[in-house]
Amino acid sequence: MPKLIAVSETGRPLGENHPKAVLTDNEVEQLLMLRQQGYTYQWLVDKFDVCKSTVASICRGRTRCQPKLKWKQKD
């Protein structure tokens with residue numbers, strides 16, 4: 001059954017629908033909230049079981065920061 005996924009203006013999948021995504025959108029929101037509350041990168045690495053560069057990229061806005069502009073059906 002087809003489902004709607006968020007895509008960029010060029011039609012590339014975003015967020016948890018991206019082929020290389022290791023965290024769900026909900027996990028990214030939790031990670032950012034915990035970081036804002038003062039948790040360290042290392043604590044977040046251990047909690048979400050991802051590498052430190054992934055946590056740093058998300059917290060610094062390098063990844064998972066693109067707005068969802070369109071939706072398309074994925075088979």
What number of residues within the stretch 1-23 are in a loop (DSSP other than H, G, I, E, B) and either free of Cβ contacts under 8 Å to residues at least 12 places away in the same chain or at negative phi (or both)? 13
Counted residues, the stretch 8-21 - those being surrounded by 13 or more Cβ atoms within 10 Å (Cβ to Cβ) and within 13 Å of the chain's Cα centre (by Cα): 7
Any idea which residue in the stretch 24-50 is nearest to the chain's Cα centre (by Cα), counting only those that are at pLDDT 95 or above and in a loop (DSSP other than H, G, I, E, B)? Val50
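The values are calculated or read from the model by the stated rules, or taken from the named source; none is laboratory data. Bear in mind the structure is a predicted one, so any value in this text is a computation, not a measurement. Glycine gets a Cβ as well: all are built from the backbone with ideal geometry, and neighbour counts include every protein chain shown.
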